[in-house]
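Taken together, the values in this text are just the output of simple stated rules run on the coordinates, not laboratory data. Not measured: the values here are computed from a predicted model. Cβ placement follows ideal geometry from the backbone for every residue including glycine, while neighbour counts extend to all protein chains displayed.
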Amino acid sequence: MSDNQHPIDLRSDTVTQPSAAMRAAMAAAPVGDDVYADDPTVNRLQDYAAELFGYEAGLFAPSGTQTNLIALMAHCARGDEYLVGQEAHTYKYEGGGAAVLGSIQPQPIANQPDGSIAVADIAAYIKPDDMHFARSRLLALENTIGGRVLPQDYVKAATDFAHAKGLATHLDGARICNAAVKNGISLREAVAGFDTVSVCLSKGLGAPVGSVLLGPKSFIEQGKRLRKMLGGGMRQAGVIAAAAHYALEHNVERLADDHRNAADLSAGLGAIAPLKVTTPQTNIFYVEIPEAACEPLREALAKQGIRASIGPHTRLVTHLDVSSADVRTVIAAFQAFFKDWRN
Ligand SMILES: Cc1ncc(COP(=O)(O)O)c(C=O)c1O
């Protein structure tokens, strides 16, 4: 532990604790029954997020999985399909919800090394209007994806192409604020080209719960019905919406600190043999660790209060609750372990 008070948790940016100021905002929030659209704090958050990202309307939901699923179900009817990256969260990590709950067929497409899906592949996978095929309705991209920022010119080319082919476009923007900060562009610029976007407030932005779905008014109205159906209608949700609002107001620009910490951590670990480390673009990077070292390393780190999902292909994530001093502590712990480790 860096100061013998807090553990250093590098498993994900979802592990952050709400700050004192965020908790104060939650305690002070006026609330109402949001299923009746009566919660002023939820309404304020939805309006604020919509304005910030340049959409007509917003919908607050308990999770990014739910805002993505609502979007997929609102864009696609039963028997439709969405085109999506093989590595995308909506395809790989959301329990197959689109297929299970929406009767929507995913058409997974290989991601390129930079996280994109080649426009030529999108073209090849869009199906002709023929009764043998599912109807291709939607292109869903993710930014950032595995910590990688999609190139802005690619986003424009892919979304323009999808629209020209009659497809709608959805962005899983769980970490779109990281992408915007990394590129030095506004949030509106970062989501340009997408008809709808899901933004997570409980990842790098540090809120305890919640995501917002943004899009046209009529789409969000449809989304409200789907949210209720999926069990996401919440009552005095202003208590958590206040934290989400605080996160959007205060914790976007500071994501640059997380990116710097990830770069420092990656540089420090990269200098340690036999580790092989990727260079982070944002707050997420990967470390190749010899399999035989994984278990003893996990134990050695745990003894120092460092939590990480150690494995041969380890993902490390920096966030609000990882300081630059913590980064130095983690590098020192890895150095100490590998100084003594012999395979
Ligand atoms: C890229 C991405 N999209 C969506 C989600 C889903 O968010 P939630 O955990 O709030 O359901 C996650 C969660 O880790 C994610 O990383």
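Excluding same-chain neighbours fewer than eight residues apart, the lysines reachable from residue 228 by a Cα-Cα span under 18 Å are 217. Over all projection directions, the Cα-based convex hull of the range 1-66 averages an area of 6.7 nm².
Counting only alpha carbon atoms, the long axis of helix 255-270 and the longest principal axis of the chain meet at about 40°.
From the alpha carbon centroid of the range 204-254 to that of the range 58-98 is 16 Å. Helix 324-340 and the longest principal axis of the Cα set of the chain meet at an angle near 60°. Counting every Cα pair in the range 249-341, what percent are over 15 Å apart? In whole percent, the share of Cα-Cα pairs in the range 249-341 beyond 15 Å is 58.
The share of C-alpha pairs in the chain whose separation exceeds 29 Å stands at 42 percent. Computed over the chain, the per-residue total of -39500 (n - 2.57) for DSSP H runs of n ≥ 4 gives a 222 nm mean residue ellipticity of -13000 deg cm²/dmol, rounded to 500.
If you bin every alpha carbon distance in the range 1-148 into 5 Å steps from zero, what whole percent lands in each bin? All Cα pairs, binned at 5 Å, distribute as 2, 8, 12, 15, 15, 15, 12, 9, 7, 3, 1, 0, 0 percent. Against the chain, whose longest principal axis is taken from its Cα atoms, helix 64-75 shows a tilt of about 30°. Among 20-30, 128-138, 213-223, the peptide with the highest mean count of other Cβ atoms within 10 Å heads the list, and the full ranking is 213-223, 20-30, 128-138. Under a model in which nothing but the beta-carbon of Lys, Arg (+1) and Asp, Glu (-1) is charged, the chain shows a dipole of about 360 debye around its Cα centre.
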